[in-house]
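Following: one structure in structure tokens, then a few remarks.
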Amino acid sequence: MTQRPMKFRTRAIHDGNSIDPQTGAVVPPIHLASTFRQPGAGEWGEFDYSRSGNPTRSNLQATLNSLEGAVGSLAFSSGMAATHCVTMLLGNGDHVVAGKDIYGGTYRLLHKICDRNGISVTLVDMTDLDAVAAAIQPNTKLLWAETIGNPLFSIPNLTALAELAHSRGALIGVDNTFGTPVLVRPLEFGIDIVMHSATKYLGGHSDCLGGTLSVAVKELYDRLYFVQNATGAVLDPFSSFLIGRGLKTLDVRIREQSKTAARLADWLAAHPRVSRVYYPGLTSHPGHELAARQFDGIYGAMLGFELAGDFKATAAMVGKTHLFHLAVSLGAVESLIEQPASMSHASYDPADRAKAGISDALVRLSVGLEDFDDLRQDIEQAIESV
């Protein structure tokens with residue numbers, strides 16, 4: 001009798017987490033060694049130097065391969081290190097088409113680091129396929145999007161973007177930090193590279209820094225591994241352990257947090273002091289139907305809303321919450337709040353921020369595992385205080 005494939009939640013716990021053969025420990029040990037004894041001069045074992053490979057990091061990467069449906073995954077010292085690795089596939093004179101609704105750190109990397117190497121970038125609305133097609137140039141080598149845009153929650157058509165990129169001879173990578181493999185597995189839609197800031201949902205507890213890349217083609221994996229090994233921005237063993245541990249509860253956390261986020265979005269949509277809510281689970285969201293097709297029945301635990309007020313009032317409001325900590329980052333068990341214009345997206349040039357539609361009144365919420373009523377009351381009193 002053929003055994004059916006294990007479900008996502010089971011694989012998150014068991015794949016990459018084999019029983020330790022020496023002790024029988026159900027949690028694999030953390031290998032802190034920086035170097036490994038070789039069988040002979042010029043003879044290489046499975047591991048030789050921890051920058052090139054580490055057993056604990058390999059365990060995490062094996063779990064990611066299973067969850068993403070990847071042939072290879074790489075773990076980095078941060079999400080930005082992972083994104084930077086992708087851009088190092090490019091050379092002088094190459095061009096990138098990126099979404100205008102992207103993380104501020106990615107904007108900064110593309111506009112203020114990659115440009116030093118003669119790489120140009122065009123920002124475009126990734127939900128407008130005609131605009132994306134028009135932005136692609138003969139020297140375009142990479143399209144970069146986000147499965148859920150940050151901070152405006154735009155939803156691109158992954159299959160259509162992948163087909164467009166490949167028809168023009170370009171790679172396409174996506175940042176799936178907001179989505180996580182619980183909601184969407186972009187490789188299944190033809191995407192070449194999936195990036196996560198593992199600091200966020202994959203780790204899930206605001207206690208480590210990391211980033212990951214997953215790919216579906218070995219040749220591309222080999223190219224990325226070469227860059228990572230040559231430049232050295234690898235994830236340390238202890239952080240690899242923490243993120244691997246976080247993956248075991250990822251499915252449970254995301255589904256519970258998403259339920260609360262959906263309830264908060266409904267409540268905020270009816271609030272008299274809120275002018276607009278950004279959440280793909282709302283039927284009013286322009287990308288709702290596409291999200292319903294691409295996502296696994298839930299819409300994530302991130303949402304945004306615009307306060308009926310100006311920059312000053314919004315800045316004051318986000319500083320008045322008690323359970324929602326005023327902080328950058330996202331995706332952990334505790335809820336976080338921020339004003340993108342002054343925090344996560346302050347690195348945007350003001351003109352580009354305005355062009356992208358990131359208003360001064362925008363508030364971004366990362367919904368944790370606290371009780372809905374407590375979180376609702378916390379936002380209510382903060383709004384009423386300004």
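When Asp222, Asp266, Asp296 are screened for being surrounded by fewer than 21 Cβ atoms within 10 Å (Cβ to Cβ), of a type in the set (D, E, K, R) and assigned by TED's automatic domain parsing to the domain that holds Arg185, only Asp222 passes. Those helices (runs of 4 or more DSSP H) of the stretch 1-88 in which 1 or more residues are loosely packed, with under 13 Cβ neighbours inside 10 Å and modelled with pLDDT of 95 or more occupy 8-14. Please tell me if Leu202 is part of a loop (DSSP other than H, G, I, E, B), under 17 Å from the mean Cα position of the chain (by Cα) and either among the small types (Gly, Ala, Ser) or crowded, with 24+ Cβ neighbours inside 10 Å (or both). Taking the combined requirement at face value, the residue satisfies it.
In the stretch 348-373, the residues that are at negative phi form Cβ pairs under 8 Å with partners that are exposed (fewer than 13 other Cβ atoms within 10 Å of the Cβ), at six or more places apart or across chains, as follows: Asp360/Asp310; Ala361/Asp310. Considering each residue of the stretch 84-112, count those that are out of contact with any Leu (no Cβ under 6 Å at 6 or more places or on another chain) and under 20 Å from Met343 (Cα atoms), and give that number. Residues flagged as out of contact with any Leu (no Cβ under 6 Å at 6 or more places or on another chain) and under 20 Å from Met343 (Cα atoms) within the stretch 84-112 amount to 12. For the stretch 269-314, enumerate the residues that are more than 25 Å from the chain's Cα centre (by Cα) and among the aliphatic types (A, V, I, L, M). Correct list: Ala269, Ala270, Val274, Leu307, Ala308, Ala313.
The values are calculated or read from the model by the stated rules, or taken from the named source; none is laboratory data. Nothing here was measured: the structure is a model prediction, and the numbers come from that model. Every residue, glycine as well, gets a Cβ built from its backbone with ideal geometry; the counts of neighbours run over all protein chains shown.
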